[in-house]
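Below is one structure, written out as structure tokens, with a few remarks after it.
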Ligand code: ARG
């Protein structure tokens, strides 16, 4: 793929003693078009060449050899060397790539022979799927799609929270009051109510807590009644989760949750004991990580039960043994930062390949707060995600009813717009930032929203429908697309592959969301500046072709975020 930065870096590297990658990393995008498309800050070479930056700039300019097919002009600006790309070449290159690759434009084999596991969504059974899990699911699903697009062998894992002492409590509550609740009509809600009630009872009465502990022990020992109940909790929860996954079209390759690791924890303990890093503390087995500033990590509690961290350690070993992964990403809220730091530190002692240890990464995201009314912060976690998604769809349906009641495929489009709006809202800002969920912002057809991108897509679609057929690429006169507005669109299209690479380097899908906004804005600007359907056939064809290219890239990019395009808006 065409890469101007590396072309420039290679030319500079022939003149100085510095490797191409390092030079490339210094190349900047100047703040304004008059200063060129790329700039090299010569002070980066001042030490190596023992000269002042302006003198270096002159020397480089006089000696550099770079084909004018790529670079049309090189200019000195103080200590900077500014490069102007050959615009016509750029236009040709971008459009011919899109012509050849269509919806695969931007894909690559960057991830060839590399395996990346993405642990995402991972809700807890018998508990509500809350708005944090929604954000998690959306981020994970989009990373999953992007890694795949870049050629990685990608495995999506739903590490269900289906084990732990809380199930001893739930079983006790069910035993006591099961018949008082209408569990079959709203299982998760009712089980949550039972769970809250039994927790209260435990606080008041140590005896109750003891009974809960006994239940969990029974569950661990395979008691029939307890196991049956637990299986049923799991089934009902999965049904509810699946409704959300279906709506969002989210898929997993594995549903191996915490309970899968029950029989894989003893060996972890043995390994860690042998490494002599475990110690006893008040009857519990712990690993002291104080010297690394990571506190104490419990491996087995004094009552003999294992915890979340032990199961994660077992999962790391299992995943390394099974997949020999290059990366294993954990899409989990930033609140669990310490947990993952501890677990990743201890993973160094599990005897798994070093590349696996180095590939462990916590992809942290921030909290979602609901703005006002019934969805206040406190109740935020209680709001049902299913209801939220359906509300997005029904609000959009209402807007369509008002604005465009005769729209074709109304239902299908409302669904795509409503869900697209929620998905985009979860991805358009740096994921670690906390965010406020506000219906008006999320659903607006203008601004940094999903519907805005869909709106621009629908505009490209209606332009293309108006003209009927797409002109042949070979007949396009690319020199007609070098005006400023067209070049801005081309420049953005050119960046697509790089943006996707950056997404996986930083595990930051918001880069792609921002890219789509930029492309949509630049196309809107192009559309306002340039009349498309003009008498001059050549000019008309060139502009239509550019519209066609934009349409393909918006659709591909949005799909990678998990957003479908409506047919009308
Ligand atoms: N079930 C956990 C929660 O809801 C998240 C699990 C994340 N994955 C992991 N391997 N620990 O908070």
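Readers should treat all values here as calculations from the given coordinates under stated rules, not as data from a laboratory. Because the structure is a prediction, the values reported are computed rather than measured. Positions of Cβ are backbone-derived with ideal geometry, glycine not excepted, and every protein chain shown enters the neighbour counts.
Points to keep in mind about this one:
- Principal axis analysis of the Cα atoms in the stretch 190-277 yields extents of 48, 39, 26 Å, listed in decreasing size.
- Alpha-carbon radius of gyration plus Dmax, which is the widest Cα pair, for the chain in Å: 28.2, 87
- 0 to 90° range, to nearest 10: angle between helix 484-506 axis and the chain longest Cα axis: 30
- Compared with the rule-of-thumb size 2.2 N^0.38 Å for a compact globular protein, the stretch 307-425 has a Cα radius of gyration ratio of 1.57.
- Over the stretch 500-569: Rg over Rh, Cα atoms, Kirkwood Rh: 1.07
- Isotropically averaged projected area of the stretch 390-432, using the convex hull of Cα atoms (one quarter of hull area), nm²: 3.2
- Note on the stretch 50-93: Kirkwood hydrodynamic radius from all Cα pairs is 11.3 Å, rounded to one decimal.
- Ordering of 45-56, 307-318 by packing [mean C-beta count within 10 Å, highest first]: 307-318, 45-56
- Rg over Rh [alpha-carbon atoms, Kirkwood Rh] for the stretch 1-87: 0.92
- Taking every DSSP helix (H) stretch of at least 4 residues in the chain, weighting each as -39,500 (n - 2.57) and dividing the sum by the residue count yields a mean residue ellipticity at 222 nm of -17500 deg cm²/dmol.
- When Rg and the Kirkwood Rh are both derived from Cα coordinates, the Rg/Rh ratio for the stretch 363-484 amounts to 1.11.
- When both bridge partners sit in the chain, DSSP labels roughly 50% of those beta bridges antiparallel.
- Average Cα contact separation per residue, the stretch 362-471, under 8 Å, 6 or more apart, as relative contact order %: 30
- For the stretch 179-329, the square roots a ≥ b ≥ c of the C-alpha gyration tensor eigenvalues yield an a/c of 1.5 or more together with a/b not exceeding b/c, which makes the shape oblate.
- Between 0 and 90 degrees, the angle of helix 337-347 with respect to the longest Cα principal axis of the chain falls at about 80 degrees.
- For the listed peptides 18-28, 186-196, a ranking on the average number of other beta carbons within 10 Å per residue, highest first, reads 186-196, 18-28.
- Compared with the dominant principal axis of the Cα atoms in the chain, helix 385-403 is inclined by about 40°.
- Compactness ratio for the stretch 144-246: Cα radius of gyration over 2.2 N^0.38 Å (N = residue count) comes to 1.34.
- Over the stretch 61-125, equivalent-ellipsoid semi-axes from the Cα gyration tensor in Å: 40, 20, 12
- Hydrodynamic estimate: the Kirkwood radius of the stretch 406-455 over Cα pairs, inserted into Stokes-Einstein at 25 °C and 0.890 mPa s, corresponds to D of 215 µm²/s.
- Enclosed volume per residue, in Å³, of the convex hull spanned by Cα atoms of the stretch 248-321: 136
- The stretch 111-200 - convex hull of alpha carbons, volume per residue in Å³: 102
- Long-range Cα-Cα pairs in the stretch 31-162 (distance over 18 Å), rounded percent: 72
- Relative to the globular-protein estimate of 2.2 N^0.38 Å, the Cα radius of gyration of the stretch 226-280 stands at 1.71.
- Note on the stretch 442-569: semi-axes of the ellipsoid equivalent to its C-alpha gyration tensor, largest first and rounded to whole Å, are 25, 17, 12.
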